[in-house]
Every structure is written in structure tokens, then in C-alpha cells.
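Okay, structure first, notes after.
The values are calculated or read from the model by the stated rules, or taken from the named source; none is laboratory data. Note that the structure is a prediction, hence the values are computed from the model and not measured. Here the Cβ is made from the backbone with ideal geometry for all residues, glycine too, and neighbour counts use every protein chain on show. Just the protein is used for accessible areas: all its heavy atoms, side chains included, with ligands, DNA and RNA removed. Shrake-Rupley method; radii C 1.70, N 1.55, O 1.52, S 1.80 Å.
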Amino acid sequence: MKIVIAPDSFKGSATSSEIASWIAAGIDSVIPTCEIVKIAIGDGGEGSLDAILNAGFKTIECEVAGPVGNLVKAHIALKDDIAFVEMAQASGLSQLPGGVKSALKSSSFGAGELILAALNKGAKKIILAVGGSATTDAGAGALQALGAKLTDAAGNEIAQGGGALIDCVKIDVTGLDSRLAQTTFVLANDVKNPLLGSEGAAQVFSPQKGASREEVEILETSLAHFASLVGGPHASAPGAGAAGGFGFMAYSFLSATAESGIDLILDLVQFDRQIVGADYIITGEGRFDSQSSQGKAPWGILQRAMKSSIPTFLVCGDADAHQETGFKGIYTLASLEPDIKKCIANPEPLVTKIGAAIAASL
């Protein structure tokens, strides 16, 4: 019997590799002769860089600006002339000092520095994974890091963060790094939201980044003002609102194209090749809910598994019971331990037990 284990990370709890290893241990305790293939997976968001390191990419460490100007150690991944830049490495919620959110002042400047690092390593194609950001600055910080000047009425550079975009009166791109024009950019993203409006970056996502109701309106106004200066059709494009509007910047200034994050990652790790001959697939994520079918990792894996008629199990911390799915079975940590905090703090024994339970059902 061959079982492929390919979970996403359980955000704030365990990495993809850890979850896969614990499931494998549970299976091995019941079916010691089982052939187990473990594949680290991400959907283009935070943790995706770890997944592709198993696909022949090498990691490069960089010291860049964090979301509020704090210096952080971040990584990019390289393979030949392809670079993988995970925005959260520099500008993610996980890089906020003490976890203190700063919705108006958080900047994507460090993400721009990661792009520069990739260019310095000779990258000709850069994949931008943009999940998990702390920012709502329309990618303006990254644009500044890449050489653009955003100035106020007095001709001074505006401050960092989305709240300062309202002060911008001129965008000068003559200083943009010339290598950008010879580089292909791919936005690895499954967020379809536009930049502005009720489904936009400020209204939908900034509260998760610490924005109060008043700050949401400030950010909405600032983003709208910045978009008016940039011009063009990209503010309404699907994905322009990704990562606090970073998608808008990528479309407008980097000529980026968008691809499904999970499909891009699955192709990079040669998922279709690795599941050949598999009897079962086990995937997972922290919580399975109504958003999971909008491009999250387990859903993307399920679609590929169904094409090959491979029964697929889902392991997750908790699940929306009302979701109709094509999974052969859904196993939750919450069914074993009702205290979600305990599930998050110590998932290993629960995940291992579920791995054994799945094996026993086969």
C-alpha cells in the first residue's frame, strides 16, 4: 500500500513537515509495511517557502526591514534563474515585534528588498507568494525599496505604511531598478479581491491586521488616493487586493501575472508525479471552512487526487460541518480534544492518533 501525505501547515501550531511526520508515525504504528511519501505543501501563503525547498530550491538569507522598520532575517529560495519570494518572510504578521499590530504604519518595504536580493542573485523569473502580510500599503513600500520615489506636496518622501499614502502627490518611477523590466513576475495567490470597496484590501483584510473601524476608513481613503495617482485598470483586477494591495503594485509596476498559489506549488514539487501509484492521499490544514474551497491547499490537492481517482482524507484542527466535500473522510483534532488552545499548543499526539485511526480504517 502506498499513501501520500501532503498537508499544509497548521498556522501558529505546526509546520507542514511536522504534521506529515506525525501522520506517518500513526500510520506506521498500524501498517508498518506501508510505503509512505511525505510532501511539504503550501498554498502560496506563509510557509510555502519551506515546501519548495524540497523541490531543489536553495535558501538564501537576507537581512531586511520588517513591517515597522525592525530588522529581520528573512530568506528567499533559488533554483537556476527562478526565485521564490515569500512576502511574509519580511513583511508578515509573524515579523511584528512582540506581535503588536500596526495597521496604518506597517510597510512592504522589506518585501521589495527581498525582490532586490533575488535580482542580485541573477533571477529572471520571480514568484511572489503574498499570504500572511501585516501590511495595507498597496505595495508602496516595496515600490520604494525598488527605487521609486513617493513624495508629498513639499517634495519629501512620504512616511512608511498605508496611512501615509494620502500624503503622496507624485510617484516618480524613473529610479526603478532597470532589471525589473527584464524579469518575469508571477503572483502566487488565490485571493480574488480587488483593491478597493466592500471586498477590497482595507475593508476585508485590514481588521485582521489590527485596524479599528476608523483605521479601516483611513486605509480605504489612502488606497483609493494612491490608486488614482497610479491610474490604469488594475485596482479592480482580481487579486489586486491581495496582501494589502501588494497585488495592485505587482500588476501595475511589475507587469505580474497571477497563478493559483496551490497549483503553482504542486507543480514545483512535482506532486502529480509523486502520487502515481498511490492508494490514498492524506492532506490537512489548521481549519477547514467556507474559504477552503477558494484555493486553499487541501482543496487544490483534492482536485488533483480526484482526477487520478485517489481517495483522499483530510486532517484538520477543526472543520465546518456544513461543508460538502469529496473527501473520503475528515478527521479533526477538536473531536479528540475540545479545547482548541490545547490542540494548537500540543498537536503531535492528536495528529499521530488520527494517522493511526485512518490506517485502521483502510
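Please arrange K2, K38, K73 by accessible surface area, largest first, computed with a 1.4 Å probe and ligands excluded. Intermediate results must be reported in sequence, preceding the final value.
Values: K2 30, K38 115, K73 135 Å².
Ranked list, largest accessible area first: K73, K38, K2.
Apply 1/(1 + (r/R0)^6) to the Cβ-Cβ distance of S178 and T151, taking R0 = 22 Å, and write down the FRET efficiency to the nearest 0.05.
0.55
In Å², what does the accessible area per residue of the chain work out to with a 1.4 Å probe?
Dividing the accessible area of the chain by its residue count gives 41 Å².
Could you please put I36, I126 in sequence from largest to smallest accessible area, using a 1.4 Å probe?
I36, I126
Heavy atoms only, probe 1.4 angstrom, no DNA, RNA or ligands counted: give me R287, R304 ranked by accessible area, highest first.
On the way: R287 105, R304 35 Å².
Final ranking, largest accessible area leading: R287, R304.
Taking the full set of protein chains and a 1.4 angstrom probe, give the accessible area of F313 in square angstrom, rounded to the nearest 10.
The accessible area of F313 comes to roughly 10 Å².
Can you compute the FRET efficiency between C34 and E199 using 1/(1 + (r/R0)^6), with r the Cβ-Cβ distance and R0 = 45 Å? Round to the nearest 0.05.
Efficiency for this residue pair is about 0.50.
How charged is the neighbourhood of I166? Take every other residue with its Cβ under 11 Å from the Cβ of I166, and add Lys/Arg as +1 and Asp/Glu as -1.
With Lys, Arg at +1 and Asp, Glu at -1, the net is -3.
Considering only T151, T352, T33, give the residue with the highest GNM mean-square fluctuation for the chain, with springs between Cα atoms whenever their separation is below 10 Å.
Looking only at T151, T352, T33, the largest GNM fluctuation is found for T33.
From the square roots a ≥ b ≥ c of the eigenvalues of the alpha-carbon gyration tensor of the range 161-211, which class results: rounded (a/c under 1.5), prolate (a/b over b/c), or oblate?
Since a/c reaches 1.5 but b/c is at least a/b, the shape of the range 161-211 is classed as oblate.
Computing the accessible area with a 1.4 Å probe over protein heavy atoms, can you report the carbon and sulfur percentage for the range 238-338?
45 percent
Measuring from centroid to centroid over Cα atoms, what is the spacing of the range 141-159 and the range 246-320 in Å?
One Cα centre to the other: 37 Å.
Hey, which aspartates and glutamates would be in cross-link range of K353, C-alpha to C-alpha under 15 Å, not counting anything within fewer than 8 residues on its own chain?
E18, D28, E337
Among the listed pairs K2/K342; K105/K209; K79/K209; K79/K101; K79/K149, give every one whose C-alpha distance is greater than 22 Å.
K2/K342; K79/K209; K79/K101; K79/K149
Using a probe of 1.4 angstrom, how much of the accessible area of the range 107-201 is carbon and sulfur, in percent?
Percent of accessible area from carbon and sulfur atoms in the range 107-201: 51.
Is the range 209-249 best put as rounded, prolate or oblate by its Cα gyration tensor, with a ≥ b ≥ c the root eigenvalues, rounded for a/c under 1.5, and otherwise prolate when a/b is larger than b/c, oblate when not?
Judged from the Cα gyration tensor, the range 209-249 comes out oblate (a/c at least 1.5, b/c at or above a/b).
Distance between Cα centroids, the range 344-360 to the range 9-27: provide it in whole Å.
A separation of 9 Å, based on Cα centres.
Once a ≥ b ≥ c are taken as the square roots of the eigenvalues of the Cα gyration tensor of the range 137-189, is the result rounded (a/c under 1.5), prolate (a/b larger than b/c) or oblate (a/b not larger than b/c)?
oblate
Please compute the length gained on full extension between K73 and D267, using 0.36 nm multiplied by the number of residues separating them and subtracting their Cα-Cα distance.
Numbers: separation 194, 0.36 × 194 = 69.84 nm, distance 2.78 nm.
Gain in length upon complete extension: 67.1 nm.
Report, ordered by chain and residue number, the lysines lying within cross-link reach of K307, taken as a straight Cα distance under 16 Å and ignoring same-chain residues fewer than 8 apart.
K328
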